[in-house]
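Student: Questions regarding the structure given below will be posed in turn.
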Amino acid sequence: MTLVGFYVVQTSDSGQRLRVAARLADKAFQRGHRIFIHATDEAQATELNELLWSFRPASFLPHGLHGQEHSESIAIGWGQEPNLSLIHI
């Protein structure tokens with residue numbers, strides 16, 4: 001079954017929205033879910049990709065841009081069709 005969750009972040013600070021997406025991805029990954037994070041554009045996807053490398057120094061979140069290495073568990077895209085749990089930022 002596909003599960004879609006919606007979260008409303010009441011801030012215009014894009015950095016804060018990315019940190020919320022990273023926390024949600026971490027939580028979903030720890031529960032064994034596969035995740036697709038839908039960014040608004042390639043620049044935001046790249047920024048989130050970089051954030052996830054250092055988000056939790058004590059643990060690794062295997063992730064990558066959609067279709068690239070390590071994107072099997074957490075994929076970050078900006079126009080592709082998600083076939084995983086979805087986090088839209």
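The values are calculated or read from the model by the stated rules, or taken from the named source; none is laboratory data. This structure is a prediction, so every number in the text was calculated from the model and none was measured. FYI the Cβ positions are ideal-geometry reconstructions off the backbone, even for glycines, and counts take in every protein chain you see.
Student: Filter the range 74-89 for residues that are of a type in the set (A, V, I, L, M, F, W, C) and surrounded by 19 or more Cβ atoms within 10 Å (Cβ to Cβ); which is modelled with the lowest pLDDT?
Tutor: 84
Student: Looking at the range 53-68 only, could you name the residues that are in contact with a strand residue (DSSP E or B) (Cβ under 9 Å, 6 or more places away or on another chain) and either surrounded by fewer than 16 Cβ atoms within 10 Å (Cβ to Cβ) or under 11 Å from residue 22 (Cβ atoms) (or both)? First the steps, then the outcome.
Tutor: Let us first name the residues in the range 53-68 that are in contact with a strand residue (DSSP E or B) (Cβ under 9 Å, 6 or more places away or on another chain), namely 53, 61-68.
Passing the criteria: 53, 61, 62, 63, 67, 68.
Student: I would also like to ask the following. Just the residues that are in a strand (DSSP E or B) and either at pLDDT 90 or above or of a type outside the set (Val, Ile, Thr) (or both), please, taken from the range 31-73. Before the answer, list the steps.
Tutor: Narrowing the range 31-73 to residues in a strand (DSSP E or B): 35-38, 63-65.
Selection gives 36, 38, 63, 64, 65.
Student: Among all residue pairs at least 6 apart or on different chains, which show Cβ distances below 7 Å where the first residue, located in the range 22-36, is free of Cβ contacts under 8 Å to residues at least 40 places away in the same chain and the second is in a loop (DSSP other than H, G, I, E, B) and among the aliphatic types (A, V, I, L, M)?
Tutor: 26/61
Student: Starting from the range 1-21, take each residue that is closer than 14 Å to residue 39 by Cα and list its partners that are of a type in the set (Phe, Trp, Tyr), counting only C-beta distances under 9 angstrom and pairs at least six apart or across chains.
Tutor: The qualifying pairs are 19/55; 20/7; 21/7.
Student: If a residue has to be exposed (fewer than 10 other Cβ atoms within 10 Å of the Cβ) and within 15 Å of residue 74 (Cα to Cα) to count, how many in the range 4-52 make the cut?
Tutor: Here the count works out to 3.
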